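The values are calculated or read from the model by the stated rules, or taken from the named source; none is laboratory data. Fair warning: this is a prediction, and the values are worked out from it, not measured in the lab. No Cβ is skipped: glycine too gets one built from the backbone with ideal geometry, and neighbour counts run over all protein chains shown. These accessible areas exclude ligands, DNA and RNA; they are computed on the full protein's heavy atoms, side chains included. Shrake-Rupley method; radii C 1.70, N 1.55, O 1.52, S 1.80 Å.
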Protein chains: 2
Amino acid sequence: MEEISHKNPFKKPFFDLKELVDSIQEHLGCPATIEDTNHRLNAYSSHGVDADPARIGTIISQRVPEKVINRLWKEGIIPKLIQSDSALRIPHIDDIGLRDRVAIAIRKNNEILGYIWVVEGPKKLSHLQLEHLKDAAVVAIPLMAKIQQNRKRKEENYQEFLWQLLTGQFKNRDEIYEQVHELHLKIPNHFTVLVFYFEQDITQAMEEQISYLITTSQKITNHFLVLMDNELILIASPHPSQSDATAFDSFITYFTSEIANRFSILGVKGSSGKGYSDFSKAMTSYQEAQKVLELKKVFPEELENVFHYSQLGAFLYIDLIQQQLPDEHPAISKIRAYDKQHKSNFLKTLEVFIQQDSNMNEAAKKLFVHTNTLHYRMKRVAEIGEIDLTNVHEKLGIYLDLMARKMKNK
Amino acid sequence: MEEISHKNPFKKPFFDLKELVDSIQEHLGCPATIEDTNHRLNAYSSHGVDADPARIGTIISQRVPEKVINRLWKEGIIPKLIQSDSALRIPHIDDIGLRDRVAIAIRKNNEILGYIWVVEGPKKLSHLQLEHLKDAAVVAIPLMAKIQQNRKRKEENYQEFLWQLLTGQFKNRDEIYEQVHELHLKIPNHFTVLVFYFEQDITQAMEEQISYLITTSQKITNHFLVLMDNELILIASPHPSQSDATAFDSFITYFTSEIANRFSILGVKGSSGKGYSDFSKAMTSYQEAQKVLELKKVFPEELENVFHYSQLGAFLYIDLIQQQLPDEHPAISKIRAYDKQHKSNFLKTLEVFIQQDSNMNEAAKKLFVHTNTLHYRMKRVAEIGEIDLTNVHEKLGIYLDLMARKMKNK
DNA sequence: ATTCCTTTTGTGAAATTTCACAAAAGGTTA
DNA sequence: TAACCTTTTGTGAAATTTCACAAAAGGAAT
């Protein structure tokens, strides 16, 4: 036994990760996989005798299923792996189809390049075998690095192109598609631009965490990623598994909450433009996404749950109106004057009432008052402002005026 | 008797109408009044022994009360007077306080200059006395004409000024007030501009009928009247007897319906701008009124009951939006496509639903369908368009888009 | 003709909203 | 302080809306 411990079974040249992973299976007698930092599958041993659902899912979709990743985070396993130098035993988690496993991080100068996972059969790995996994991880380093570098070089090439695309540096469609062809880019046939504003500039470390979250979340398929100071731009499609309408919404909430939870990066605001098929419309979609974020700045409560351009509704027109704002609606002036004199709050009440779709109960809840109080107030508002609150056009006019004025004053 | 019949008791020089009216009273033994074409009081006999409420009202307010005029029209009395050359006996109408009367038109070459009214006492006028009234009417002609001319000359002087004012020919406030002073115009301290579009150009005959209606209606106090081709412009204030908010509305409906009923001038459309105190804002108010009329052309049903600028509500912003109309709201496109394929009517349904303040019952009535039908349709609309119909912002956005597009297509 | 799908209408119970009235609370003014 | 006004809250009955379900009607495709 002693003899073997001194001998590194992986001390031979491997052409690629596939060779390595096969060698691991051979040596340990268990199926193994190698993933990159983003849990994208790089290689898996072929003679899979004994695959659990998590492994099958991973292989099929070429990456670790999202729910598995989320669970590994929740259980604190991924952070532990990142910390640890040696292989760790991960107890089975039945409800996500994960059997007993052993894993080790592939690390180069404190930078995580990926992970080796081994599914344990009924016969557990010995202490020595776990030690050998360390050797495998070392061997994997140059192989992983090669892949990473390829990817990086490719990315650097198109970063500039994308930036030009999004800021409208190209004259026409043809110019764009020429470049696309030249750079050998595979462009999606349908895409949407997502934008995230960060509170500080995005550092190298953050970039990695961002990229981690994007590739591990399986709500969207990200095609391109552009970073600029404190701005993150994605060109993505809804993941095939997701319904179009909600895919981006849920990705944005997921992304902002997870980046806060996992990496303590707070105050990230995200949005998306409309979807297009023509890649030259990327700039349009980008600008739409930006418009959403700008409006969210002005109307944080009103647009709290709005992320997609086409959900902006009336706010789409508010800044248009705001630019040519006529005299204040007479009803507003009257109510404002009344409020001032009586220290009441009728204008805000009216605003909330309209916002809640003229629903007394909802509005009363929002305002923390008794329904009858609101009822009374609306009667007063109608009197004071001399308006008919069942007339949509009046209500709309007042509301648009109110919102536009709010925007102007910011 | 024969002798008297040949003798014209009014064949003597009268200095003014007051003298004439006194002479009539003296001769007939009954109180008399002389009105102009617009039933404005020009003179009344002073030794009024026997006044009925209608006479008192006329004298107090310097004109015949509106309800009396309306009734006289309804009963066909005024048209008969206009037709007739001789004095007519008008039976009492108790509910408006009108006792038995005799009246005759003052006519010059088929043009009506005014009327002489005589209140009969218990002793009725003889046939001869009625004949004498004809003489009185003839005597009245030059006296009335003098007044009319004075008024006309004065009017001609300021017509041009008003036109310049309304079309923005003056550089600043001072220039306007200088002119006002020069022309000795009494300007109101609060006014509103009303505009009426006629289907044809306004003829001399129509002008008289218009002026008749305006001065007899006592809903507004008209300060100035401007005519231009097929456009009638009034600068008016609410009549002291009327509440501000509704005065103009009811005048406009009154005017358009009466000018149709009485004079068979159909298709007149009226509107009003906002009220101002600064006379230099007359142009603004005029433009506002014009904007209302233009929008009413585009949205005849939607704005059916809207006459005042401040009732335009959301339509105020529609043409702004229409000028920079972005892509159609995705929900609209979806619903429109569905409609086309299934020959359904969901888009129109949605429009009416929003217009009726999301009130199922009202909207169902408007659409002549069962409430549940509408309920079903709205459920389908929400599904097809992937929208939340309780979200005001979405609804608004869709509605504004719909309206703006409607405007653009006209 | 049959089948399938969508739409319309009817029915009635359950849920919600509206409304009038009373009482209380808070603030201002003489 | 009392008198007055405005606002808030509570109560409960009446009116209205919502919703599920069933049936029927209309079209399109086979």
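The table that follows gives values for the structure above.
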item: Portion, in percent, of the accessible area of the range B:264-408 that falls on carbon or sulfur, probe 1.4 Å; result: 49
item: Sequence-separation-based contact order of the range B:171-310, relative, with Cα cut under 8 Å and 6+ spacing, percent; result: 28
item: About the Cα centre, charge dipole magnitude for the range A:321-408 (Lys/Arg +1, Asp/Glu -1 at Cβ), debye; result: 420
item: Neighbour cut-off at most 12 other Cβ (10 Å), DSSP loop, chymotrypsin sites (Phe, Trp or Tyr not before Pro), the range A:287-378; result: A:Phe368
item: Gyration tensor (alpha-carbon) shape descriptor, the range B:239-305, a/c threshold 1.5; result: oblate
item: For A:Leu183, inter-copy label distances in nm, listed shortest first [label point 7 Å out on the Cα-Cβ vector]; result: 6.8
item: Separation of alpha-carbon centers, the range A:272-302 and the range A:372-389, rounded to whole Å; result: 37
item: Mean-position separation - Cα centroids, the range A:58-110 and the range B:182-235, in angstrom; result: 85
item: Positive-pole candidate from A:Leu213, A:Ile141, B:Tyr197, dipole of the protein assembly as shown, charges at beta carbon; result: A:Leu213
item: 3J(HN,Hα) from dihedral phi, the range A:134-149, Karplus parametrisation 6.51/-1.76/1.60, rounded to Hz, x for glycine, proline; result: 4, 4, 4, 4, 5, 4, 5, 3, x, 5, 5, 4, 4, 4, 4, 5
item: Computed [θ] at 222 nm, deg cm²/dmol, the protein assembly as shown (DSSP H ≥ 4; -39,500 (n - 2.57); rounded to nearest 500); result: -16500 deg cm²/dmol
item: Surface share of carbon and sulfur [accessible, 1.4 angstrom probe, percent] for the range A:79-164; result: 51
item: Shortest-first nm distances, B:Leu266 label point to equivalent points in other copies (7 Å, Cα→Cβ); result: 7.2
item: Among B:Thr37, B:His127, B:Val64 the positive-end extreme of the charge dipole of the range B:2-150 (Cβ point charges); result: B:Thr37
item: Estimated dipole of the protein assembly as shown in Debye, rounded to 20 [Cβ of Lys and Arg +1, of Asp and Glu -1, Cα centre]; result: 800
item: Where GluC sites (Glu not before Pro) in DSSP loops with at most 11 other Cβ within 10 Å are excluded, longest remaining stretch of chain B; result: B:1-198
item: Solvent-accessible area lost in complex, 40 Å² minimum, residues of the range B:280-319 relative to chain alone, 1.4 Å; result: B:Ser310, B:Ala314, B:Tyr317
item: Solvent-accessible area of B:Cys30 with every protein chain in place, 1.4 Å probe, in Å² to the nearest 10; result: 10
item: Links that overshoot a 19 Å alpha carbon limit, given the list B:Lys269/B:Lys348; A:Lys281/B:Lys395; A:Lys108/A:Lys152; A:Lys348/A:Lys410; A:Lys343/A:Lys395; result: B:Lys269/B:Lys348; A:Lys281/B:Lys395; A:Lys343/A:Lys395
item: Backbone HN-Hα couplings from phi across the range B:100-112 [Karplus 6.51/-1.76/1.60, Hz, Gly and Pro as x]; result: 3, 9, 10, 9, 8, 7, 9, 10, 10, 6, 6, 9, 7
item: Assigned charges on the beta-carbon of Lys, Arg, Asp, Glu; chain A dipole about Cα centre (debye); result: 660
item: Shape category assigned to the range A:8-111 from the gyration tensor of Cα positions, a/c cut at 1.5; result: oblate
item: Solvent-accessible heavy-atom area per residue, rounded to whole Å², over the protein assembly as shown at 1.4 Å; result: 49
item: Prolate/oblate/rounded call for the range B:299-410, Cα gyration tensor, a/c under 1.5 rounded; result: oblate
item: For B:Lys146, solvent-accessible area (1.4 Å; no DNA, RNA or ligand), Å²; result: 110
item: Summed buried accessible surface, chains B and A, 1.4 Å probe, nearest 100 Å²; result: 2800
item: Filter on A:Lys406/B:Lys406; A:Lys67/A:Lys274; B:Lys334/B:Lys379 - keep pairs with C-alpha separation over 24 Å; result: A:Lys406/B:Lys406; A:Lys67/A:Lys274
item: Residues in the range B:327-365 that, when all protein chains are in place, have 50 Å² or more less accessible area than the chain alone would give (probe 1.4 Å); result: B:Asp357
item: Relative contact order %, the range B:203-276, counting alpha carbon pairs below 8 Å whose residues are six or more apart; result: 25
item: Mean separation of Cα contacts under 8 Å (6+ apart) over length of chain A, as relative contact order %; result: 10
